[in-house]
Each structure stands twice: as C-alpha cells, then as structure tokens.
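Have a look at the structure below, then the notes.
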Amino acid sequence: MPDGGETMNNGASCHREVIGIHNVSFAYEQKPVLSGVSFSVKERDFIGLIGTNGAGKTTLLRMIAGLHKPSSGEITLFGEPIAKFKEWNRIGYVPQRNSFNPQFPATVKEVVTSGLYGRGMIFRFLTKEHHTKVLDAMDAMGISDLKDKKIGQLSGGQQQRVFLARALVNSPSLLILDEPTVGIDAETQQSFFHMIKHMHQHHNMTFLMVSHDMEMVKGYLGQQPASSWGKLNFYIKHSHETQDCVESNLAHSLKGLREQLESGREVVSVVGDTGA
C-alpha cells in the first residue's frame, strides 16, 4: 500500500496478500537503486511494472524471487517473511533472457526438469508424477520435439517457451516475469500474451510482470497506472472470479489454447478488455 493509504489493488481486499513490500530499499555498491518502496499484491492480481532503465524493476523482481536481499525493509510472500519462506515451488520465475548463458550444456528437458527442484532440494528423487509434469509442461509450450536439443541451439522464442515451461512445471500460484518478450518475434509475442491472459482469467494465478510493451500492458491492464513509486509505475487488473475453463489442469489447458492459436482459430475468451 503506497503512502497516504492509497490501495494499489482496487477492490482486491477479498483475497489474501501474496506479496508484501514494506518500506524496502536496495543499494548496489552503496549506490541507491530503490528507496522506501511499499506495495501489496493480492491473489489473482495481474501487475504490470513499467519504468525507465535503471528504475530498479529487475532488482525488485529479484528481491521478491529471493535472489537479492534488501538493504532495509521487509518482504513477505503469502504472509510469511521472506527469510522464513520455504514454499518456493509456489513461485515461478522467468528472468531476462540476457541473464542466461547460451553455452550452458543442458538440454531442453533438463532445463524444464530443473524447475521441480526447490531450494535445498538439488538431489530430490523424481517420481513418475514429476516426469509427467515435465512432459506436460513441454507439451503445453509446444517444445516436446526439442526436448533433447541443447538450450543454446534454440531461437529466442523457443528459449522463452522453455523458460516459461520451467516456471510452470509446478503449477505455481505466483508467476514473476522479467521482460518475457524481449528478443522474440511479434507472432510469438502475441501467442505468449494470449497464454498468460488465459492463465490469469481461467486459473487461480497471480502475476507480476516487467515489460516495455506499453500496448500490451495498457490494452489489458488499463491506460493509467494504478500506483506509482518513484520511477516505477504499477498497472493492475484483478480477477475476482476465474472464468469457467473446460480443462482445470494448467498444462492441459495451455496445450489446448496453444493448439487453437496455432490453428488460427479465434480465441475470444482470452482477449482482454481494457478495464482495469
């Protein structure tokens, strides 16, 4: 909640808090990046985060993902202080593609499978159910035929589908996306946005996304930011009730949607309105 009592997620009080940012600051080598940021994200919110270069967008996402520690202030996830939070399988994170080493010698299947390993669970024994999750996630993203290819051999759009499959393999409650469409073609971008809008409208998921695609953000989340903090602008759309979906399983639902998109059939249900 920003200063002055302005609630960022209008009408969202009916759902519990997923992310709490309380007076958080961050400095890199004593250079301030973020100062005194506070906001709250509730269940089924879709937050679009826009800001200029150097505004601290990626830093904020990395703190929420537990990869950076704030210089001061507190972060809570699902009501738990981040230092005590253990259920990292509830969070999917897709970082910027430029943070990935394309020479990393891993196959597509190995990258997606790595999404099953929570922190401190590197040697987790994988069951038949786990392997099925991996196959379903790859199938949903249309990358099953690439499973044995090295990740560095793929195009930008293919790589992004792999990283999204990795983030979705545990059917997370919260999906964090950092510039997910940078470096991919317009057709793949459109397909990607259809998928994430479908997940927001038809599945109980919360989204926090950094994007430079103003048309997409404003088209789905509204023309004006719901809140601003420094150079950061927060656009928001809240889903009070998920719409009916024939397939409740996330991976199977996305597979059906992808097949519709690839066949060129109109998918009316996932085209977002412009209401906030």
Hits in region 77-92 - residues which are modelled with pLDDT of 95 or more, surrounded by fewer than 16 Cβ atoms within 10 Å (Cβ to Cβ) and within 16 Å of Pro172 (Cβ to Cβ): Glu80
Verdict on Asp213 being under 14 Å from Gly51 (Cα atoms) and more than 11 Å from the chain's Cα centre (by Cα): yes
Complete set of residues in region 162-189 that are out of contact with any strand residue (DSSP E or B) (no Cβ under 9 Å at 6 or more places or on another chain) and touching a residue at least 24 places away in the same chain (Cβ under 8 Å): Val162, Ala165, Thr181, Val182, Gly183, Ile184, Asp185, Thr188, Gln189
Selection count where residues are open to solvent by 20 Å² or more (accessible area, probe 1.4 Å) and of a type in the set (Gly, Ala, Ser), scope region 157-179: 2
Given (1) surrounded by 18 or more Cβ atoms within 10 Å (Cβ to Cβ); (2) farther than 30 Å from Met214 by Cβ, number of the condition Lys150 does not satisfy: (1)
Unmet requirement for Ala55, which otherwise passes all of (1) over 25 Å from Val112 (Cα atoms); (2) surrounded by fewer than 17 Cβ atoms within 10 Å (Cβ to Cβ); (3) among the aliphatic types (A, V, I, L, M): (2)
Subset tally (residues that are farther than 14 Å from Gly73 by Cα and modelled with pLDDT of 95 or more) for region 18-32: 1
Pairs, first of a type outside the set (A, V, I, L, M, F, W, C) in region 135-146, second at pLDDT 85 or above, C-beta under 7 Å, six or more apart: Gly142/Arg161; Ser144/Met138
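Results for (1) among the small types (Gly, Ala, Ser); (2) open to solvent by 10 Å² or more (accessible area, probe 1.4 Å), shown as yes or no for each residue.
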residue: His15; (1), (2): no, yes
residue: Ile21; (1), (2): no, no
residue: Val24; (1), (2): no, no
residue: Tyr28; (1), (2): no, yes
residue: Val33; (1), (2): no, yes
residue: Ser40; (1), (2): yes, yes
residue: Met63; (1), (2): no, no
residue: Ser72; (1), (2): yes, yes
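The values are calculated or read from the model by the stated rules, or taken from the named source; none is laboratory data. Everything numeric in this text was worked out from a predicted model, so none of it was measured. Don't worry about glycine lacking a Cβ; one is built from the backbone with ideal geometry, like all the others, and counts go over all protein chains shown. Surface accessibility is based on the protein's heavy atoms, side chains included, excluding ligands, DNA and RNA. Shrake-Rupley method; radii C 1.70, N 1.55, O 1.52, S 1.80 Å.
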